[in-house]
Structures are given as structure tokens and as C-alpha cells.
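One structure is given here, and the rest of the page talks about it.
The values are calculated or read from the model by the stated rules, or taken from the named source; none is laboratory data. Note that the structure is a prediction, hence the values are computed from the model and not measured. We place every Cβ from the backbone using ideal geometry, glycine too, and count neighbours over all the protein chains shown. Keep in mind that these areas ignore ligands, DNA and RNA; they rest on the heavy atoms of the full protein, side chains included. Shrake-Rupley method; radii C 1.70, N 1.55, O 1.52, S 1.80 Å.
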Amino acid sequence: MPPVILFKRFGLFAFLFCLTAFFLSCSQEQNAYLYAGLHEHKNEQKTLVSLLQQAQEVPIRFALIDKIASNLQAEQKTKSLAVFLQSVIDAEPANPYNPYFLLRLAAAYRNIQEDTIAAYYFEYIVQNYTDMQVNGQSIHLVCLKNLIELSGTHAKSIVYYSRLLSDFYDEIDPAQAYFMLAQAYEKQGEWQQAIQAYTQFLNLHRFDVIIPGIPDSYGYARKIVDYNASTKNWTFNTLDELIKTVKTAIRARDYTTLERCRSKVNFFAMSWKQEISDTQQQSDVNLRNFMYGSAISIASELDPSSTPYEAYLRTAGWSQYIRTWYLYFRKINFPADPAIHGRWEWAGIYYGEKI
């Protein structure tokens, strides 16, 4: 029936009642996507949607929106969830709970491996909203942890780890954060900042930090920091020059020259079965004590397993219960100091025959 006829026949009250019913019907159709296709939560969802249309108080609306979103997520309606949360944020830009809704939106995209979109929302929250606590959790902390996992560049990792350490020091593992910050600086080639971060990591005296691909994180950091602080006067320009000097010193039983040639940073002496990470400190082997007795023989050639970056030289006749030693030489990889980067050092000793 046309509105004019309706108005004439039933009066103003009836007209307004019908008009309200018409818009409510449209609204219900508009929100049908929130329960269409649901199974377990369909009836509950219809009730929640109806209540949300009537609710005015912000805390009540928050609870209803959160439950509607949870039902969609439980039944893997990610597209509907994204549309719903975005519509809530667009309709109520001043809603104090919008950072939380955006967080749920970002998490939904992560769940379907849309990591680029998820990272955009996590970043948007951190950059545009003040932090808030929901269910005892900091929104910014959750975002930063996700951004670290999704970060595609070392430059961004630097920003995120720096934020974690400045804003959430007591809520994270600072040792791991300092090490990873140092790693990001190192991979960016920003060596002075990397050394500062490694130093802060070392100052925490944590030997238990496990970093994938780096079995001895403490030793790794210690080597870089010690290298930076050392004189580096034991390095040689070429491997040939280093081996010639060592061979001459052994034949002459010149332990003073041998001591001068060996690395003053993380020099090790161990069996083949040990791991480098087992030696937390520089070996205290005294070469002078092992040079007495029979003559020490030296292989004429390097061991066949040697590479352009590391070399092994077999020697035998040392005056201890394991008389065969393989001297280990390596090319220095330390871009922080171009003066020694690419030079060679005598880095350690392996006891016994090569395995």
C-alpha cells in the first residue's frame, strides 16, 4: 500500500510503525551474512545481531561485537568476519575498542595466510592508536610480536625489537631481544649499533638463550665484542704467510712466536667430538709445555678437507697423551673492521686423528 494512502487510512502512528518495520526488515537482510551458512552458532548469532542493533552502551556493544566475531571465527567465516569488523570500525571511528577489533581483523588474515594484509593492520594499530589492555594483554605487545614474525626486512626488525625493549622490557625476554636486535643491525651492516646490542646482551650473563642456527649465542656475541676491542695483531694477510710462520716456529721450538700467532679471541683446543659451544672461554693450553721430547712432524700439505675459508694442518709428536694435533686456520669474517676482514688467523687445535 502506498505511504500516502496508508497515512490517510490509519493515521500517523500506524504509518511510523510500518516504516520502522520496513527499515528493520532491510537491516536484518543487510546483516543476514552474519549468520547465513552458520551451523552450530546460527540461532545464537541471530539473537546477538538483533541485540547489537538495539544496544547503545559501549561496553555492551563491545561484548556483542566480540561474541559475533568469535562465532564467525569458530565456523571459519573469515571473509564475513573481515567485512563485519571493518564495518564496525568504519561506522564508529571513535569507538575506544577499535584497536582490539583491528587486532582481531589482523589475526583473521593471519589465519588464512594473508600475511601482507595482516602485517598492514598490525602496523596500523601500533602507529595510529595508543596502547590498551584487553583480557590482561597489551595490544601493542601482541602486534609487535606478530610483526617480528612477519617482518620482511632487517630494518623493520630493528624498529620492532627496539620498541619491545623500550616499551615492554619487563614483559619479554630482554636477552633474546637484544641478541636479535644485534643480528638485525649486523645484517644491515650497521656494526657499531650491532656491537652495542651484543654488549648489552652479554651484560645480562645469559648462557641459555637459544637462537635457531646459532648453538652458542653467548660465544657468538662474545667473539664479536672481543674482536672489536682487541688489537687484532695476530692476523696474517695470507694463509701461506701464516702457515709458514707457524711451521718455522714449531721446528725451532719457538713457543713465543706460536703464542703470538694464535688468536687472542675464542682460541680453542678440543677433541673432534666436542662442539665449539662447549668451550665458553679461550683455551688456556700452554704450548711451551708440549714442545719437549721428540721432534714434532708437520704434514707437507694441508688436509684435503681444507677450503678457501678454513684449513687444517696435521702435526704429530707433541708431548702429551694425544700426540696428534690438527692446527685449525680460518679466514676472518668480520666486516665491522675492514682492516682485518678477509685476513687469516690460527683459531684453534683439534686433538687426535681427524674423524
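Some notes on this structure:
- Per DSSP, loop GluC sites (Glu not before Pro) in the stretch 214-276 with at most 12 further Cβ within 10 Å: E275
- In this structure the chain gives 55 Å² per residue of accessible area when probed at 1.4 Å with all protein chains present.
- The heavy atoms of Y33 offer some 70 square angstrom of accessible surface to a 1.4 angstrom probe.
- What separates the Cα centres of the stretch 148-178 and the stretch 89-138 is a distance of 19 Å.
- Within the chain, helices built from complete DSSP H runs that reach 15 Å or longer along their own axis (Cα positions) and carry a mean Kyte-Doolittle hydropathy of 0.0 or higher are 3-30, 58-74, 78-91, 115-128, 139-150, 239-251.
- Expressed as a whole percent, the proportion of Cα-Cα pairs in the chain lying more than 29 Å apart is 61%.
- Among beta bridges that DSSP assigns inside the chain, antiparallel share in %, nearest 5: 80
- Kirkwood-type hydrodynamic radius, the stretch 190-310: 16.9 Å, calculated from all non-identical alpha-carbon pairs.
- The chain, accessible surface, carbon-and-sulfur percent (1.4 angstrom probe): 53
- Theoretical ellipticity at 222 nm over the chain - DSSP helices of four or more residues, -39500 (n - 2.57) apiece, nearest 500: -17000 deg cm²/dmol
- Shape category assigned to the stretch 68-212 from the gyration tensor of Cα positions, a/c cut at 1.5: prolate
- Positive-end extreme of charge dipole, the chain - chosen from G342, G352, Y109 (charges on Cβ): G352
- When you filter the GluC sites (Glu not before Pro) in the stretch 293-352 for DSSP loop state and at most 14 other Cβ atoms inside 10 Å of their Cβ, you are left with E301.
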